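Everything on this sheet refers to the single structure shown next.
The values are calculated or read from the model by the stated rules, or taken from the named source; none is laboratory data. No experiment lies behind these values; they were computed from the predicted model shown. FYI the Cβ positions are ideal-geometry reconstructions off the backbone, even for glycines, and counts take in every protein chain you see.
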């Protein structure tokens, strides 16, 4: 069975000029503060219009109605995160791996992102969400213990408090105070 979504991305990635143009446009949208919901119809329209221009033979082979545009959008988001962190490109995985990466049950990085309305630049990739939620609950527990024991906050901060931040470079930063 043909997987229309990764096949379309492979067609885009085979034409470096088109790929680079789409990525530059997407990065511009992200820097303008657009959300996944804002970007998806624009990205879809741009790809549909330019498909026959750049890959005319492929345009007849793919059924664009079968393409999962949420996954296309999420792939471009991951490409933005990777470009922002290391200035390198993602490669298109084989179909079997694509299925694993788009599995919502395992928090696959290509699965539907829960923060569709938030600006892409202010969100993290899906695999980081469970970690960020866990860290959030650890901090709540820490402050509850602090409130119950009434230990001076400055002393506790110096001994135990570490702050974990997600940087713009895509790295996790641990700052000890």
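Being under 24 Å from residue 97 (Cα atoms), assigned by TED's automatic domain parsing to the domain that holds residue 103 and more than 21 Å from the chain's Cα centre (by Cα) is not true of residue 67.
Every condition in (1) at pLDDT below 90; (2) part of a helix (DSSP H, G or I); (3) surrounded by fewer than 18 Cβ atoms within 10 Å (Cβ to Cβ) is met by residue 50 except one, and the failing one is (1). Each residue in the stretch 76-129 was checked for being at pLDDT 80 or above, closer than 21 Å to residue 3 by Cβ and surrounded by 13 or more Cβ atoms within 10 Å (Cβ to Cβ), and 9 pass.
When the stretch 55-73 is filtered for residues that are in contact (Cβ under 8 Å) with a residue 40 or more places away in the chain, surrounded by 15 or more Cβ atoms within 10 Å (Cβ to Cβ) and not in a loop (DSSP other than H, G, I, E, B), the ones remaining, listed by number, are 58, 70, 71, 72.
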